[in-house]
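A short worksheet on the structure shown next.
The values are calculated or read from the model by the stated rules, or taken from the named source; none is laboratory data. Because the structure is predicted, anything quoted here is derived from the model rather than measured. Please note: Cβ atoms are built from the backbone with ideal geometry, for glycine as well, and neighbour counts cover all protein chains shown.
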Amino acid sequence: MKINLLTLLFVISSTFATAQDAWPFQDEGSDTQSIILLGDNNFQYRKNPENAFQYLMPTLEAADFRFLNLEGPFAGGTDDPKKSDIPHKNWRHSNPDQVAALTAANIDAVGVANNVTYPWQALTRSLAVLDSVGIKHVGGGENITEAHQPVIIERNGLKVGFMQYAATVFPTNHAATELQPGIAEIKVHTAYQPPKNLDKPGQPPYVITWLDEESKAMMVTDIEKLKAKADIVIVSYHWGVSGTTTPVSYQSEIGKAVIDAGADLVFGHGPHKYQKIEIHRGKPILHSLGQAVFDDIRSDRNTRHREGLLANVQIKDKQILSVSLVPTWRDDDNELRLYDPDTGKGRELFGYLQSVNEGGANLEIKGKEIIIKGLK
């Protein structure tokens, strides 16, 4: 069967995002505003970092607000593949010129509370880079007070507040204190309980986690204060266990606590894979949006975890009207693209999301996006 060029181009453009077109989200009306959220982002080695979001640029430009997690700080690092910028972890920090990826895409604010924003000197160098180009940031600062300061952005009468914390924190030189720069930390306790059947040696223990009460109180106070100033409050977390699709129990505990305190949406990152979507009191907890742009070639994360989700939050009358998801994938060229969840690679990714979403919110494909059902 012969397929002419026009037909082929139509098939390709309907399957994933091209560099020219904004993603065809459902029309919610002219009186709505939109917020785009992305998970883990790490910009490295790019000769033209301003092209990092080239296939998402029209979609990002069409949104009213754009937030993401900045996994890799712009602290400058070693070019020696045998060396690391974190002694106990195979990691290289990003060079300052890579910040052009954010400015070109008009990203409004980034979260900097991450396990690799370490040590605190790397954080402060990165914050200086972000400040120099006017990119707002949350989740880190010169002391604990600054690290817990949110960002509030107002456009067309709508105030959106954004805050980020990390539960994945090294014991020293990482979390902000009264006297030391660092990130906004959420402390979590872990215990290991023996399995019931002790007649079988080698069985793994049950892992039990719970949120530290002092951390919870501080976090709840943060969100209550933010909700008093903003119409929509979005809270972001670097949490969970890398490479896993099942949330750890404390993730749900944290998400529910901040929604009870006034948050309208919670989104997470850090596992680098999809995790389930939960609804609490009609508000969504997106446990993991996976990876977006991710250039960490030294540890092969750019090939091990290529999946991600773009979240599109529609606001009407200062309330969340809908939240939808579009699968993302980085092919062999490591370029980030959006995929139609109803066909081809997008359908495969939707099936993967469904497989890890057991007990989670109902998901439905509508047009070229995945609608989260049950919001109030």
Could you tell me which residue of the stretch 23-40 is modelled with the lowest pLDDT, considering only residues that are surrounded by 15 or more Cβ atoms within 10 Å (Cβ to Cβ) and part of a loop (DSSP other than H, G, I, E, B)?
28
Return the pairs, sorted by first residue and then second, in which the second residue is assigned to a loop (DSSP other than H, G, I, E, B) and not acidic (Asp, Glu), the first residue lies in the stretch 184-203 and is within 21 Å of residue 220 (Cβ to Cβ), the beta carbons are less than 7 Å apart, and the residues are 6+ apart or on different chains.
184/113; 184/139; 184/148; 184/176; 185/169; 186/167; 188/167
Among the residues of the stretch 83-92, is there at least one that is over 20 Å from residue 309 (Cα atoms) and within 18 Å of the chain's Cα centre (by Cα)?
no
Being buried (at least 18 other Cβ atoms within 10 Å of the Cβ), farther than 26 Å from residue 241 by Cα, of a type in the set (A, V, I, L, M) and touching a residue at least 60 places away in the same chain (Cβ under 8 Å): is that true of residue 315 here?
yes
For the stretch 106-129 the number of residues that are closer than 21 Å to residue 60 by Cβ and in contact with an Asp or Glu (Cβ under 8 Å, 6 or more places away or on another chain) is 1
Just checking, which of 144, 153, 208 is out of contact with any helix residue (DSSP H, G or I) (no Cβ under 8 Å at 6 or more places or on another chain), farther than 28 Å from residue 77 by Cα and not hydroxyl-bearing (Ser, Thr, Tyr)?
153
Residue list for the stretch 226-256, filter: surrounded by 16 or more Cβ atoms within 10 Å (Cβ to Cβ) and either among the acidic types (Asp, Glu) or in a helix (DSSP H, G or I) (or both)
226, 227, 231, 250, 251, 252, 254, 255, 256
Could you check the stretch 257-305 and list, in sequence order, the residues that are assigned to a helix (DSSP H, G or I) and surrounded by fewer than 23 Cβ atoms within 10 Å (Cβ to Cβ)?
257, 260, 301, 302, 303, 304
Selected residue (only one of 375, 325 is modelled with pLDDT of 95 or more and either part of a helix (DSSP H, G or I) or more than 18 Å from the chain's Cα centre (by Cα) (or both)):
375
Given the criterion touching a residue at least 24 places away in the same chain (Cβ under 8 Å), among the aromatic types (Phe, Trp, Tyr) and surrounded by 19 or more Cβ atoms within 10 Å (Cβ to Cβ), identify the matching residue among 339, 352.
339
Selected residue [of a type in the set (A, V, I, L, M), modelled with pLDDT of 95 or more and either farther than 30 Å from residue 315 by Cβ or crowded, with 23+ Cβ neighbours inside 10 Å (or both)] from 75, 104
75
Scanning the stretch 328-372 for residues that are among the basic types (Lys, Arg) and not in a loop (DSSP other than H, G, I, E, B), the one nearest to residue 44 (Cα to Cα) turns out to be 330
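Matching residues to (1) part of a strand (DSSP E or B); (2) hydroxyl-bearing (Ser, Thr, Tyr); (3) in contact with a Gly (Cβ under 9 Å, 6 or more places away or on another chain):
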| site | (1), (2), (3) |
| --- | --- |
| 44 | no, no, yes |
| 55 | no, yes, no |
| 103 | no, yes, yes |
| 114 | no, no, yes |
Can you find a residue in the stretch 57-70 that is assigned to a loop (DSSP other than H, G, I, E, B) and in contact with a strand residue (DSSP E or B) (Cβ under 9 Å, 6 or more places away or on another chain)?
yes
Within the stretch 149-163, identify whether any single residue is surrounded by 12 or more Cβ atoms within 10 Å (Cβ to Cβ) and assigned to a loop (DSSP other than H, G, I, E, B), and answer yes or no.
yes
Step by step: first the residues of the stretch 130-148, then only those that are surrounded by 16 or more Cβ atoms within 10 Å (Cβ to Cβ) and assigned to a helix (DSSP H, G or I), then the one that is farthest from the chain's Cα centre (by Cα). Which residue is that?
144
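Before we move on, is residue 297 over 21 Å from residue 322 (Cβ atoms) and in contact (Cβ under 8 Å) with a residue 60 or more places away in the chain?
yes
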